[in-house]
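The values are calculated or read from the model by the stated rules, or taken from the named source; none is laboratory data. Since the model is a prediction, treat every value here as computed from it, not as a measurement. Neighbour counts run over all protein chains shown; Cβ positions are idealised from the backbone, glycine included.
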Ligand code: GLU
């Protein structure tokens, strides 16, 4: 008989008055793409909507696939997205431990119970035998399935195997006929013919359970009321329903949530480059925009409202509209949404949140390393006022605004020469513009604009030719915020110096 960790083996599910209990049960097997967080977000939103609990459980029984750092990355991701956890590995809780590896004794106990009640059996088949069976099935075009060899061993054969110390797994003995119905509020009842189902392993030879037993024991003992998980789990759901039955437990409500798909309708996957939360953070997506975007991947409120604050989502979220809209991952839409959220920021907030992106090293996407850090906050704020309308991510700010901060501009002299102009005429235009600007008493955009336009007209130039040359001279860039507003922010001294330098470049 297996020794059980006393604390939680027969812990009853919490009383209904505790409200819904939902969990996020990731396996720390790598850096999770954003689709995984989407399903967790639905659970979180439902827990918050109903005043229930959101529980984090780490499914780490597949020790061969555990990846160092994955857990930390996951915890940081939850924090970044603002999904707080009511019970879990860091915060603890009454139904812990929240790492499956620390719950091994519980799984052994229930595997034992299933063996004793005849719902499971020891399988002594070697890998070689299982491979052979599989190959034969393939050759006969039969579905690959365990041939139930060990299910029918005699008591003597079992005793002999045990006496010989043969390693074994434990398999669940599925009913051989009849049907298993999997109730699912999203899909309706899904009915499976038992004769099509396999006797799956519920305890591996190393004494650790795979997902099938581990999640189920934990969901029960942790009092989980609603399980939201990817629809990939549908084929295993009849097994789970049968295990619940064999243990005499009421299953939680199972919701198989549609996968997040790429535009090509392929499942979003890390292998095909699906981003993780940290990619978004690095590129300067706002967590509140990503949160909003994720909520609409497979849930909709009314098929048209798209912008929701977190509070509005908590209020509006319901499980019965999950899966109504297809969860197509559209990076363009996220970019659009992020721009919208950036425009909604106050200038102070925009500045505070953009500064770290500007101040990070050049190699990580920050301003050129020659620009001295920390940046002047007031100046940065004035620069960002000019860019707020256009910014789609905070990460792209550095490239857009670097000329506001650089001491020396590098650009091709040809950038100064506009369509229909040549070097001497551009030279003349800039000389005259400099003299005019020099003579202005106020360095304000509205005081500059008309005189410069008038000057262009006097010289027989199109406004665009004059403005284009000035723009290139003061920024070294063809596309910038409105010229005069930008010159006002750059200041008289910098502009004069840059125009003078442009004139020198064009000197005959
Ligand atoms: N550990 C499982 C996974 O990461 C959890 C699935 C579930 O939510 O039940 O796929």
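I'd like to verify a number: residues in the range 366-397 that are under 21 Å from residue 287 (Cβ atoms) and part of a helix (DSSP H, G or I), how many?
Count: 6.
Within the range 398-419, track down each residue that is free of Cβ contacts under 8 Å to residues at least 24 places away in the same chain and in a loop (DSSP other than H, G, I, E, B).
Within the range 398-419, 408, 412 meet the criteria.
For a quick check of your reading of the model, give me the residue pairs whose first member lies in the range 27-41 and is more than 22 Å from residue 295 (Cβ to Cβ), whose second is away from the ligand (no atom under 11 Å from the Cβ) and assigned to a loop (DSSP other than H, G, I, E, B), with beta-carbon atoms closer than 7 Å and at least 6 apart or on different chains.
28/66; 28/67; 29/66; 29/67; 30/67; 30/270
Within the bounds of the range 96-108, is there any residue that is touching a strand residue (DSSP E or B) at 6+ places or on another chain (Cβ under 9 Å), surrounded by fewer than 16 Cβ atoms within 10 Å (Cβ to Cβ) and either free of Cβ contacts under 8 Å to residues at least 40 places away in the same chain or within 26 Å of residue 249 (Cβ to Cβ) (or both)?
Within the range 96-108, one or more residues are touching a strand residue (DSSP E or B) at 6+ places or on another chain (Cβ under 9 Å), surrounded by fewer than 16 Cβ atoms within 10 Å (Cβ to Cβ) and either free of Cβ contacts under 8 Å to residues at least 40 places away in the same chain or within 26 Å of residue 249 (Cβ to Cβ) (or both).
Being touching a helix residue (DSSP H, G or I) at 6+ places or on another chain (Cβ under 6 Å), touching a residue at least 60 places away in the same chain (Cβ under 8 Å) and outside any strand (DSSP E or B) is the filter here; which residues of the range 175-202 pass it?
175
For residue 71, are the conditions met, namely being at pLDDT below 95, surrounded by 14 or more Cβ atoms within 10 Å (Cβ to Cβ) and out of contact with any helix residue (DSSP H, G or I) (no Cβ under 9 Å at 6 or more places or on another chain)?
Spelling it out, residue 71 is indeed at pLDDT below 95, surrounded by 14 or more Cβ atoms within 10 Å (Cβ to Cβ) and out of contact with any helix residue (DSSP H, G or I) (no Cβ under 9 Å at 6 or more places or on another chain).
Would you say residue 191 is farther than 29 Å from residue 48 by Cβ and either in contact with a strand residue (DSSP E or B) (Cβ under 6 Å, 6 or more places away or on another chain) or within 14 Å of the ligand (Cβ to nearest atom) (or both)?
For residue 191, the condition - farther than 29 Å from residue 48 by Cβ and either in contact with a strand residue (DSSP E or B) (Cβ under 6 Å, 6 or more places away or on another chain) or within 14 Å of the ligand (Cβ to nearest atom) (or both) - is met.
Output the residues belonging to the range 122-143 that are outside any loop (DSSP other than H, G, I, E, B) and under 21 Å from residue 235 (Cβ atoms).
Residues satisfying the conditions are 123, 130, 133, 134, 137, 138.
Which one is nearest to the ligand (Cβ to nearest atom), of the residues in the range 233-252 that are in a helix (DSSP H, G or I) and free of Cβ contacts under 8 Å to residues at least 24 places away in the same chain? So that I can check it myself, show each step before the final result.
The first filter runs over the range 233-252 and keeps only residues in a helix (DSSP H, G or I), leaving 233-247.
Okay, now just the ones that are also free of Cβ contacts under 8 Å to residues at least 24 places away in the same chain, so 233, 235, 245.
Values: 233: 6, 235: 13, 245: 18 Å.
That would be 233.
Can you name the residue in the range 16-28 that is surrounded by fewer than 23 Cβ atoms within 10 Å (Cβ to Cβ) and away from the ligand (no atom under 12 Å from the Cβ) and, of all such residues, is modelled with the highest pLDDT?
Taking the candidates together, the pick is 20.
Counting just the residues of the range 212-232 that are more than 11 Å from the ligand (Cβ to nearest atom) and in contact with a helix residue (DSSP H, G or I) (Cβ under 6 Å, 6 or more places away or on another chain), which one comes out nearest to residue 19 (Cα to Cα)?
Applying the filter and picking the extreme gives 221.
Sort through 90, 85 and tell me the only one that's surrounded by fewer than 18 Cβ atoms within 10 Å (Cβ to Cβ) and part of a loop (DSSP other than H, G, I, E, B).
90
Confirm whether residue 103 is modelled with pLDDT of 95 or more and within 18 Å of residue 166 (Cα to Cα).
Numbers: modelled with pLDDT of 95 or more: yes; within 18 Å of residue 166 (Cα to Cα): no.
Spelling it out, it is not the case that residue 103 is modelled with pLDDT of 95 or more and within 18 Å of residue 166 (Cα to Cα).
Which count do you get for residues in the range 29-76 that are more than 11 Å from the ligand (Cβ to nearest atom) and not in a helix (DSSP H, G or I)?
12
Does at least one position in the range 8-15 carry a residue that is in a helix (DSSP H, G or I), within 16 Å of the ligand (Cβ to nearest atom), at pLDDT below 95 and closer than 30 Å to residue 205 by Cβ?
no
Is at least one residue of the range 118-132 more than 20 Å from residue 203 (Cα to Cα) and within 15 Å of the ligand (Cβ to nearest atom)?
Checked against the condition, which is being more than 20 Å from residue 203 (Cα to Cα) and within 15 Å of the ligand (Cβ to nearest atom), the range 118-132 yields no hits at all.
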